[in-house]
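Read the structure below first, then the notes.
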Amino acid sequence: MSAEIETERLVLRPHRLSDFEAMAAMWAEPEVARFISGQPSTTEESWLRLQRYAGHWSLFGFGYWALIEKESGRYLGDGGFMESRRGFPPPFDAPEQGWAIAGWAQGKGYAREGCEAMLAWAEAHFRRRDFVCMIAPENTPSLKLAGRLGYREYARAEYRGAPVVLFRRA
């Protein structure tokens, strides 16, 4: 079962079917998908992502939250932890953190605020501090955020034909 988290400006909560339109619109934005998949998601891909988010909580007891702006109630992104089994060397041996923020909400500190809350939850839930993440080397904002969150580069790899930087937080 998923947990709800509140910060000063955000509510991190389980995804709902009612989030689908806003989520699909966000994942259709070229600036959101640019460093993650390289191209905007189709409606079908976003629909399957929503199901994957819900299923992850059911199977593993952790997953991704919908990030909601408290003041407006507006959906602004996704973030959380996953068991990815990506299959590249070196393999991940810790929960993988990820985040994506809608274009309108980027540059306002929401990603950092949400990710810090996710990490506090994860440290208590997993009883560990070490987590991993994967970021495209051109994604300067996420690289900076990862550093602020305590992640340090430990390897470089290729994922789906593109270079990625692998980070670990200890």
Taking the Cα centre of the chain as the origin, how large is its charge dipole in debye, to the nearest 20, when only Lys and Arg (+1) and Asp and Glu (-1) carry charge on their Cβ atoms? 460
Quick one: if you stick a label point 7 Å off each Cα along the C-beta vector at GLU83 and SER18, how many nm between them? 3.1
Could you tell me the accessible area of ILE101 in Å² (1.4 Å probe, neighbours in place), rounded to the nearest ten? 20
With -39,500 (n - 2.57) per DSSP H segment of 4 or more residues and division by the full residue count of the chain, the 222 nm estimate, nearest 500 deg cm²/dmol, is -10000 deg cm²/dmol
Contact order normalised by residue count of the chain, Cα under 8 Å, 6+ apart, percent: 19
Gyration tensor on Cα atoms of the range 1-145, a ≥ b ≥ c root eigenvalues, a/c under 1.5 rounded, else prolate if a/b beats b/c, else oblate, says rounded
Along Cα→Cβ, 7 Å out, is where each label goes; now give me the distance between the ones at GLU153 and GLU44 in nm to one decimal. 3.7
Candidate residues ILE36, ILE135: accessible-area rank, largest first, probe 1.4 Å: ILE36, ILE135
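The values are calculated or read from the model by the stated rules, or taken from the named source; none is laboratory data. Owing to the predicted nature of the structure, the values given are computational and were not obtained by experimental measurement. Glycine gets a Cβ as well: all are built from the backbone with ideal geometry, and neighbour counts include every protein chain shown. Please note that ligands, DNA and RNA were not included when accessible areas were found on the heavy atoms of the full protein model with its side chains. Shrake-Rupley method; radii C 1.70, N 1.55, O 1.52, S 1.80 Å.
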